[in-house]
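See structure below.
None of the figures in this text is laboratory data; all of them are computed from the coordinates on show. None of these values were measured; they are calculated from a predicted model. For neighbour counting, all protein chains shown are included, and Cβ atoms are generated from backbone atoms with ideal geometry for every residue, glycine included.
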Amino acid sequence: MTFDALVLNAPWRQSLVTVRSLGRRGLRVAAAGAHPNAPAFSSRWCRQGFLFPPEEAPRAYLAVLEEWLERTGARVLISSHDGTIALLRTQRARLERRVRLALADEPALNIAVNKEQTLAVARRLGLHVPREVVVRAVADVPAALREIGLPAVIKPCESWLWRGQEGVRLAPQLVVTSEEACHAVAAVTSLGGAAQVQQLLTGRREAVSFLYAGGEMYARFAQWARRTRPPLGGESVLRQSIAIPPDVGRAAESLVREINLEGYSEVEFRRDSAGAPYLMEINPRLSASVEVAVRAGVDFPYLLYQWASGGAVEQMNGYRVGGWIRHLGGDIETTLAALEQRGRPGVARPARTVLDFGLSFLKPMAYDYLDWKDPLPAVRAATDFTRAATRRLLSYIMRKSFA
C-alpha cells in the first residue's frame, strides 16, 4: 500500500496534529517513530504505524527508512524533529528519488538551522538581535561574559550535533555564574559545535508562522506563549492566538523572504523591557505549538503537504484570535521546574507560579492531544505521562531514602 504521506517523529505533538489534519481530508497517512506508545499511532486517522530506530542511531534509522520507502512508499515525507531533519539532509539527493521531502532548499536550511548565520542576516536587515558573543572554546568564555554579563543564556549555534555516529540535541541554558557558563559551553564545544553567549531577555515571547513558496506568502499566523518548557524558553505549553503585531510581523516576514525559506517556518521573538522585539531564532519545521494555529483556522500541516506534493497551495486569509491551548503535561512539568528554580532570574515566585497554574483551569481552553472525535491519542498521552511521573516520583523517594 502506497501512502499519501509518511509522518515521522510520531511521539511529538505536531506529528499527531499532522496525522489528523491530513487524515481528515481523506489522505492515506502513515506514522513512524521509535516508541510503540506514540499518541499518533492511536489516532483514527493513522492508517498504519511503523516502529523506526531512534534518530540518535543514524545508520539504522536511514536503513529502515529507505527499506520502508522501497517496500511501501509515500508521496510526501514530513519530519518535525531537528535530528531527523539533519539526518534526512545527509541523504537528501538519494531520498528525493523516492519521495518528496517537506523541507526547504539547502541554501535556506543552512541559514535557518544555524543561529549565528540567522542573526547575521537579521542584523543586515536592521532587525533587533540580542547582544551576543560566539565562542568556540571554553577559554573564550571569560571574555564573552565580560562583554555580555551575567545572567546570560548559552545557546548552541546548531541544536543538533553529532558525536561520532550518534546524534545529540542540545538546548539553551540559563547561567548565572561563570562556572555554569563554562560547563554549558563545554557541552557544545566537546561535540565540535560553537555556542552563543547571549544576553538574557525575559519579556513576552511572540512567534509568527508562515507558509511561503515561490515568492508568495500563503498563510500567516501569530501567537504568544504564556508559559514554556523549560520556564525561560523552549516549547510553548500555554499559548494564545493573537493578531500579528505589526513590528514582529514585518521583521519576521522580511527575514523569511531574505533567506527564501520556503515551506513552513516559525520565527520567534522576545520583547525587552521597553517592548522592542528581539529575534531569537527561526524554525524551518512544524513547531510543537502548531495546533493553536490549526484550531484558529490555519491548517499549516495540510498547506505544507500541498506545497511539498507539488500541487496548488490554498491561500489563507485571516484566522480566529484569542483562542488558548494548553499542553497539560508540559505545563505541570514547567510549573514544577519553576518551583525548583525559584530565585533564578526571570522565574516567578512560588506562590505566583502555583496561582498562575491553577487559574489557567478557569479559562476556556483547548488541550493538546484532546479531540473528542479522536480520543485515543489523549488517553495514550495521559497514560504515558502518568507512568513517567510515577517512575520519577519513586526514583526521587528512593534517592531521598538512601541519602
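Here are a few things to note about the model shown:
- By other beta-carbon atoms within 10 Å, ranking 209, 273 with the fewest at the front produces 273, 209.
- Farthest toward the positive end of the dipole of the chain, out of 170, 53, 324, is the Cα of 324, where the dipole comes from beta carbon charges about the Cα centre.
- Between the alpha-carbon centres of region 42-104 and region 180-198 there is a gap of 30 Å.
- Stretchable slack from residue 309 to residue 389, in nm (0.36 nm times residue separation minus alpha-carbon distance): 24.8 nm
- Size of electric dipole in the chain: Cβ of Lys, Arg +1 and of Asp, Glu -1, about Cα centre, debye, nearest 20: 960 debye
- Simple spin-label estimate for residue 59 and residue 89 in nanometres, 7 Å along Cα-Cβ: 2.3 nm
- Partner aspartates and glutamates whose Cα lies under 16 Å from the Cα of residue 363, excluding those fewer than 8 positions away in the same chain, are identified as 331.
- Sequence of 256, 7 once ranked by neighbouring C-beta atoms within 10 Å, starting from the fewest: 256, 7
- The chain: calculated mean residue ellipticity at 222 nm from DSSP helix runs of at least 4, using -39500 (n - 2.57): -12000 deg cm²/dmol
- Ordered by the count of other Cβ atoms within 10 Å of each Cβ, fewest first, 383, 2 give 2, 383.
- Largest GNM mean-square fluctuation among 298, 64, 248, using the chain with Cα springs under 10 Å: 64.
- Using θ = phi - 60° and Karplus 6.51 cos²θ - 1.76 cosθ + 1.60, couplings along region 110-119 (whole Hz; Gly, Pro as x): 4, 7, 5, 7, 10, 5, 4, 5, 4, 5
- Counting DSSP beta bridges with both ends in the chain, the antiparallel % (nearest 5): 75 percent
- For region 261-277, backbone nitrogen atoms closer than 15 Å to the point 7 Å from residue 247 Cα along Cα-to-C-beta are found at 269-277.
- Largest GNM mean-square fluctuation across 288, 137, 38, computed for the chain with C-alpha springs under 10 Å, falls on 137.
- Remark: spin-label model distance residue 365-residue 204 equals 1.8 nm, labels positioned 7 Å along the Cα→Cβ axis.
- Prolate/oblate/rounded label for region 131-199 (Cα gyration tensor, a/c 1.5): prolate
- Global geometry of the chain, whether rounded, prolate or oblate, following the gyration tensor of its Cα atoms and the 1.5 cut on a/c: rounded
- Unit charges at the beta carbon, dipole of region 1-128: most positive-side option, 69, 121, 14: 14
- Potential lengthening between residue 70 and residue 344 on full extension [0.36 nm per residue; Cα-Cα distance subtracted]: 93.5 nm
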